[in-house]
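Trainee: Take this structure first; my questions come after.
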Amino acid sequence: MKSRIKKFVFNISFIAVLTIVLIFATSNRYSAFAAERYQDLQIFTKVLNYVQQYYVEEVDTKKLVYGAIKGMLQELDPHTNFLPPELYKEFESETSGEFGGLGIEITVQNDVLTVIAPIEDTPAWEAGIQAGDKIVEVNGESTKGLSLAEAAQKMRGKRGSKIRLGIFREGFEKPKEFVVQRGVVKVRSVKYTDLNDGFGYIRLTSFIENSGAEMEKAVKEHVKNNKNGVKGIIIDLRRNPGGLLDQAIRISNLFLDKGIIVSTIGRNQREKEVVMAKKDGAFTNFPLIVLINEYSASASEILAGALQDNKRALIMGQTSFGKGSVQSVVKLGDGSALKLTVARYYTPSGKSIQSEGIKPDVYIDDVDAENYKKAIIKRDVRRESDMQNHLLGTREQEQAKANEANKGADADKKAGEEVNYWWKSDTSKKKPASPREKLLSEDFQVMQAYNYLRAWRTIENYTSLGTNTANAGATPVVVPVETEASKVIKKDSK
C-alpha cells in the first residue's frame, strides 16, 4: 500500500515538474514574442507622440491612428481593408440590393485602380463605364497609391451630385473624362429571357441578399412556360463581380443534388471547411451552359467551378478573373470594421481559384455585334416556296385550309398591288425585334451558347442511335468523337 502511495505521489510530482517546465518554456517563447511586438509598438507610439507634440499644426489623433491602420493593411493583399464607421455603414447597405453611389465593382491591378465590372442599369453603366477601365483620376486628383477603401470613399457622395472620372481604356490615346451622376443604385440581380422551344437565358448580374430566391423564381417561371419540357438554360455570369457566398451556395444547390460546392482553407492547411450540396436539388434534369469572362469574379467563380467540377454544366467563354480569397468582416468597437482575408477558395476538385480563375470547357472570343453583322454574307436567295403558283407543301396546305376557314381574310388586298411576275412579293412589314431576337442578334457569345444547347439533344440522339443500331446487329451509326465537352453532355442528359 505504501509503495502504491509513493508511486502515486511520484507520478503527481513528475507531472507537476513537467507542467512547470512546459509553462516556463512556453512563457519564454511567448515572452520573447511579446517583447518583440512591444518594441515595434513602442516605435509606433514614439512616432505618434512626436507628431502630436511637435508637428507644425495640431492633428486629429484618430485620423493618425486610422491612417496608420490603413498603411499597415496596404502591406497585405488588395482585398484586406480598414472600414471607418461611415464606410462600414455603406458596405452593409451594398449587399441589400439598394444603395447610393455609382454602381461599379473595383480592384487594384498592377497598382492601378481598375473596374472589374459596372453593375447593370446603374449610373456608371448608363454613363458608359466598362469592365477593364483604368480609373486614373477622380475629380482631377490622381488615384495612384490609393487603397480600395480610400478610392471607394472618394467616389461616394450625395445623391444627385456628379463625379468626374479620368478613364484610360484600351484604344484610348490618353485618358478621357466621364461624368457620372450619383444616384440610388437598385440592383436587379436576375434577368430572364425565354428563348422559346424549351430554351431559356438567365443573366445573373451580382450575388446580393435575394439573388438565390430570384434565380429559383426565374427557373420555375421557365419550367411553367415550357409545358413540353425544358431543353436547356444558359446562365450568364459575364461581368458579374460576385457578392455574398451564401447566395452562390444557394444557387449551386438549385442545380446540384450531391457533391462538393466549395471548400476553404485558411492559414492552418490541415483545417479545411467543405460545403456539400443538399440532396434536394430541384433542377437537375436538363442541360446547363454557364457563360463567364475575365470579369466574372468571386462568387461567380464559385458557382461556375461547382457546376463544372460536378459535371453539371458546360462552361463557355473566357478564363475568369481569379479572385479566390475569403474575406471576413470584423466589427470594431467604434463602429469601424476590419475586412480581413482569412482563407482561399477551392473548387470541388481541389483547384485554387486565387489568381487562376475558372477555365472554360469551350473558349469563345467576345465579338463586336456590329462588326459581326457586317461580316455575315447576305444573299438574296429565292427558294421553291418563293415561286408563284408553286406546288404547296404539307404545312402550306394546312395553312391554306386555315385561311379558307377564315373567310375574307384576303378580301382587303388592293387590286393594284404590284406583283413580280415570277417571284412572290414580300409585302410584310418588319416587326420590332423581340427580347429573344435582340439578345441572339446582338450577343455573339450568347448565340454560340444557344447553338450548343440546341446541338446538345442532337448529339445525344446520334449517340443513342449509334448504340441501339449496334446492339440490333445493323450497321452502326458514326458517333462524334468523345471530347471533355461531350462527356459533360452525356452525363447530364441521363
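Trainee: What residue, of Lys227, Lys279, is in contact with a Lys or Arg (Cβ under 7 Å, 6 or more places away or on another chain) and either assigned to a loop (DSSP other than H, G, I, E, B) or touching a residue at least 40 places away in the same chain (Cβ under 8 Å) (or both)?
Mentor: Lys279 is the lone residue from the list that is in contact with a Lys or Arg (Cβ under 7 Å, 6 or more places away or on another chain) and either assigned to a loop (DSSP other than H, G, I, E, B) or touching a residue at least 40 places away in the same chain (Cβ under 8 Å) (or both).
Trainee: Take region 214-235 and flag every residue that is out of contact with any helix residue (DSSP H, G or I) (no Cβ under 8 Å at 6 or more places or on another chain), open to solvent by 10 Å² or more (accessible area, probe 1.4 Å) and not acidic (Asp, Glu).
Mentor: Passing the criteria: Lys217, Lys220, Val223, Lys224, Asn225, Asn226, Lys227, Asn228, Gly229.
Trainee: Does region 135-149 contain at least one residue that is over 30 Å from Val223 (Cα atoms), among the acidic types (Asp, Glu), part of a loop (DSSP other than H, G, I, E, B) and at pLDDT 90 or above?
Mentor: no
Trainee: Something else: What number of residues in region 232-276 are outside any strand (DSSP E or B), over 20 Å from Lys217 (Cβ atoms) and either in contact with a Leu (Cβ under 9 Å, 6 or more places away or on another chain) or aromatic (Phe, Trp, Tyr) (or both)?
Mentor: Count: 1.
Trainee: Filtering region 122-134 down to residues that are of a type outside the set (Gly, Ala, Ser) and assigned to a helix (DSSP H, G or I), which residue is farthest from Leu83 (Cα to Cα)? Spell out the reasoning first.
Mentor: So the first thing to find is which residues in region 122-134 are of a type outside the set (Gly, Ala, Ser), and the list is 122-123, 125-126, 129-130, 133-134.
Subset that is assigned to a helix (DSSP H, G or I): 123, 125-126.
Numbers: Pro123: 24, Trp125: 26, Glu126: 28 Å.
Here the answer is Glu126.
Trainee: Within region 171-189, can you find the residues that are part of a loop (DSSP other than H, G, I, E, B) and open to solvent by 80 Å² or more (accessible area, probe 1.4 Å)? Walk me through how you get there before you give the answer.
Mentor: So in region 171-189, the residues part of a loop (DSSP other than H, G, I, E, B) come out as 171-175, 182, 187-189.
Answer for region 171-189, where residues must be part of a loop (DSSP other than H, G, I, E, B) and open to solvent by 80 Å² or more (accessible area, probe 1.4 Å): Glu173, Lys174, Arg188.
Trainee: Taking strands (runs of 3 or more DSSP E) that fall entirely within region 287-388, which contain at least 3 residues that are in contact (Cβ under 8 Å) with a residue 12 or more places away in the chain and surrounded by 20 or more Cβ atoms within 10 Å (Cβ to Cβ)? Let's see the steps before the verdict.
Mentor: Working: elements: 288-292, 314-317, 325-331, 337-346.
Ranges flagged: 288-292, 314-317, 337-346.
Trainee: Take the conditions in a loop (DSSP other than H, G, I, E, B) and out of contact with any Cys (no Cβ under 6 Å at 6 or more places or on another chain) and apply them to Gly157. Does it pass?
Mentor: yes
Okay, residues lined up against (1) open to solvent by less than 20 Å² (accessible area, probe 1.4 Å); (2) hydrophobic (A, V, I, L, M, F, W, C); (3) within 21 Å of Gln181 (Cβ to Cβ):
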| position | (1), (2), (3) |
| --- | --- |
| Asp77 | no, no, no |
| Lys89 | no, no, no |
| Asn110 | no, no, no |
| Trp125 | no, yes, yes |
| Ile129 | yes, yes, yes |
| Lys144 | no, no, no |
| Ala152 | no, yes, yes |
| Arg156 | no, no, yes |
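Trainee: Kindly list, by first and then second residue, each pair from a residue in region 441-461 that is among the small types (Gly, Ala, Ser) to a residue that is at pLDDT 95 or above and crowded, with 20+ Cβ neighbours inside 10 Å, limited to pairs with Cβ atoms under 6 Å and residues at least 6 apart or on different chains.
Mentor: That search, which allows pairs on different chains as well, returns Ala449/Ile234; Ala449/Ile289; Ala449/Leu291; Ala449/Met316.
The values are calculated or read from the model by the stated rules, or taken from the named source; none is laboratory data. Just so we're clear, the structure is a prediction, and the values are computed from it rather than from any experiment. Here Cβ is always computed from backbone atoms with ideal geometry, including for glycine, and neighbour counts include all displayed protein chains. Please note that ligands, DNA and RNA were not included when accessible areas were found on the heavy atoms of the full protein model with its side chains. Shrake-Rupley method; radii C 1.70, N 1.55, O 1.52, S 1.80 Å.
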